[in-house]
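Read through the structure below, which is laid out as structure tokens, and then see the notes.
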Amino acid sequence: MSTIKELDTVILTIDIPTHGLQRGDVGTAVLVHGDGEAFEVEFIGYDGHTVALITLERSAVRPLQSTDAWDAEVCDRIRAIDEGRVAGVAYEEVMRAAEKRLAP
């Protein structure tokens, strides 16, 4: 497992509904506890304000990888379609593309 250092960008691996966070959200490790068994992670909203600053165990985050930007974009688009924020999009086509891209 990759080492996470202070100020590294991390990806949330779990949902945390009490803070409005979903798996795949991006944050910054602002403090490393011990030998990396936990982290203080800050999540910033689109407006630049802090959404959450919380302590997370190592299993709740992972380091950012080069493919994460694409995966996050696909997930954001699927959420927008599911929530009815986007009209005129071929849902089945988007889902096929997402499944193909995200398949192991």
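The values are calculated or read from the model by the stated rules, or taken from the named source; none is laboratory data. Source: prediction; values computed, not measured. Backbone-built Cβ (ideal geometry, glycine too); neighbour counts: all protein chains shown. In case anyone asks, the SASA skips ligands and DNA or RNA and just uses the protein heavy atoms, side chains included. Shrake-Rupley method; radii C 1.70, N 1.55, O 1.52, S 1.80 Å.
Would you mind giving the average projected area, over all directions, of the Cα convex hull of region 1-57 in nm² with one decimal? Write down the numbers at each step before the final one.
Values: hull surface 15.1 nm².
Average of the hull's projected areas for region 1-57 equals 3.8 nm².
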message: How much length would be gained if the chain were fully extended between ASP15 and SER66, taking 0.36 nm per residue of separation minus their Cα-Cα distance, in nm to one decimal?
response: 16.2 nm
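Round to a whole number: what % of the accessible area of region 13-56 belongs to carbon and sulfur, probe 1.4 Å?
Taking all protein chains in place, region 13-56 shows 53 percent carbon and sulfur surface.
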query: In nm, to one decimal, how far is the modelled label at VAL30 from the one at GLU93, with both set 7 Å along Cα→Cβ?
result: 4.2 nm
- prompt: In nm, to one decimal, how far is the modelled label at LYS100 from the one at LYS5, with both set 7 Å along Cα→Cβ?
  reply: 3.9 nm
Protection-proxy order for peptides 56-65, 12-21, each taking the mean of Cβ atoms within 10 Å per residue, highest first: 56-65, 12-21
